[in-house]
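Before any comments, here is the structure.
The values are calculated or read from the model by the stated rules, or taken from the named source; none is laboratory data. None of the values given here were measured: they were computed from a predicted structure. For neighbour counting, all protein chains shown are included, and Cβ atoms are generated from backbone atoms with ideal geometry for every residue, glycine included.
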Amino acid sequence: MVQKQSVDEAYKIAKQRYAELGVDTDAVMAALKKVKLSLHCWQGDDIHGFLFPGQELTGGIGVSGNYPGIARTPDELTSDLHEALSLIPGNHKVQLHAIYAVTDKKKDLDELEPEDFKYWVDWAKQEKIGLDMNGTFFSHPKVKENFTLASPEKDIRDFWIEHGKRSRAIANYFGEALGQQSVNNFWIPDGYKDNPIDKATPRLRLIKSLDEIIKKPYPEKNTIEAFEGKLFGTGIESYTVGSHLFYNNYAISRNKLWTIDAGHWHPTEDVSDKFSAFLPFGKGLMLHVSRPVRWDSDHVVIFDDALTRITRSLVRDNELAKTNIGLDFFDATINRVAAWVIGARATQKALLQGMLAPIEDLKQAEAKYDFTQRLVETEELKSYPFTAVWDKFCQDNGVPVGMDWLNQIRQYEKDVQFKRD
């Protein structure tokens, strides 16, 4: 077990080292504490939800592994989320999908009401966290030939339009009840496996459907919509209706958020480069932080180069205030609670490292064409003792330091999760 004294001693040295560069580590930790992450509930139960028990995952979505202890009920899932949140420093949010409604009535997606999420709101109040929302536009018989809101069939479109409207009402309920904005994310699987004749008409249908969904105004203090594009997906390799450029333009033209999922781009693209290109024009961003090992494989987020590029861009360009950061991965080959903790703590570490830099001095050097100082300083910062600051941040926020949190996970497995099987 890491001793408090050793953490304090290491932090004292680190604080002095960073102070020599003009970086106030206490102020950095205070800034990091204000950054809320939105944990995705679906990591805990492999995206099954509670609305349609036993329904097969479709829409290009699949989960690998069968680690024991999967959450099967609302109480088991919230227990697991509570355990994860207790090991992540700071105060955060949880993202839900529509299929996580908790109701004793048999309902379809176009029949959901805010009352079907009262269970979650009561739990969120107890945890003192916020809730974000996602409409569930997959794993349903009304996804016909990979089409929903852009379907050529009006009855299919109408079903999903109604579902979209219902999800907005639910998100508004979250914001109203919990006193913090609920981001309502829209992603659809619409597209063609092979080369289409008509690329324009499906997009015109999608625009019309989305406009109908967002027609009713809700107070932005309660909720705002975000729209998520994709390069391609399984079954829609040749044409994606809701492409990145489509939703970029839709978000700007409707004054909504654009969602960037780190796994939805070409593997050679750097998603962090998109932020500063979009935000001068757009209202804001929703991020889905993931790890695409090959492409959109949704591996657990780790502290790697791709993540540090994302967080450094947000910090250096002062874009955190306009960006919502959510996690989006699912791995059933490891303990599902541990996956949340690994991903969230990695994201926070990357944010912290980005903040622990003399950013304004580096910007001034760059503006003076002093690329020597820029390269020397950014390289030296890589070996600065930021981990000592991270340990102190964890300690001050009452969560385990270093790998100590794994002991708590092992005990939770033994006492709770392994007794489910």
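At-a-glance table
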item: Qualifying position, being outside any helix (DSSP H, G or I), within 23 Å of PHE232 (Cα to Cα) and within 22 Å of the chain's Cα centre (by Cα), among PRO152, PRO189, PRO196, PRO141; result: PRO189
item: Residues of the stretch 301-348 satisfying the condition of being among the aromatic types (Phe, Trp, Tyr) and farther than 16 Å from ASP261 by Cβ; result: PHE303, TRP340
item: One residue from LEU77, LEU85, LEU96, LEU57 being modelled with pLDDT under 95, more than 30 Å from LYS363 (Cβ to Cβ) and not charged (D, E, K, R); result: LEU57
item: Tally, over the stretch 220-237, of residues that are part of a loop (DSSP other than H, G, I, E, B) and over 19 Å from the mean Cα position of the chain (by Cα); result: 6
item: The stretch 203-231, subset crowded, with 16+ Cβ neighbours inside 10 Å and over 21 Å from ARG157 (Cα atoms), residue modelled with the lowest pLDDT; result: LEU231
item: Of all residues making up the stretch 181-202, the number that are loosely packed, with under 12 Cβ neighbours inside 10 Å and either under 19 Å from SER253 (Cα atoms) or modelled with pLDDT under 95 (or both); result: 1
item: Long-range neighbours under 9 Å by Cβ, at least six apart or interchain, first residue under 16 Å from SER290 (Cβ atoms) and modelled with pLDDT of 95 or more within the stretch 333-345, second outside any helix (DSSP H, G or I) and among the charged types (D, E, K, R); result: ARG336/ASP45; ARG336/ASP46; ALA339/ASP331; GLY343/ARG291
item: Looking only at the stretch 273-294, and only at residues there that are under 15 Å from the mean Cα position of the chain (by Cα) and of a type in the set (Gly, Ala, Ser), the one that is farthest from ASP328 (Cα to Cα); result: GLY284
item: Number of the exception - THR25 against (1) at pLDDT 95 or above; (2) surrounded by fewer than 16 Cβ atoms within 10 Å (Cβ to Cβ); (3) polar (S, T, N, Q); result: (2)
item: Qualifying positions in the stretch 121-135 - surrounded by fewer than 23 Cβ atoms within 10 Å (Cβ to Cβ) and not hydrophobic (A, V, I, L, M, F, W, C); result: ASP122, LYS125, GLN126, GLU127, LYS128, GLY130
item: The stretch 78-122, residues that are in contact (Cβ under 8 Å) with a residue 60 or more places away in the chain and of a type in the set (Lys, Arg); result: LYS93
item: Residue in the stretch 313-330 that is under 17 Å from PHE386 (Cβ atoms), surrounded by fewer than 23 Cβ atoms within 10 Å (Cβ to Cβ), in contact (Cβ under 8 Å) with a residue 24 or more places away in the chain and over 13 Å from the mean Cα position of the chain (by Cα) present; result: yes
item: Top-ranked residue of the stretch 291-304 - restricted to ones that are modelled with pLDDT under 95 and either surrounded by fewer than 17 Cβ atoms within 10 Å (Cβ to Cβ) or out of contact with any helix residue (DSSP H, G or I) (no Cβ under 9 Å at 6 or more places or on another chain) (or both), ranked as nearest to ALA346 (Cα to Cα); result: HIS299
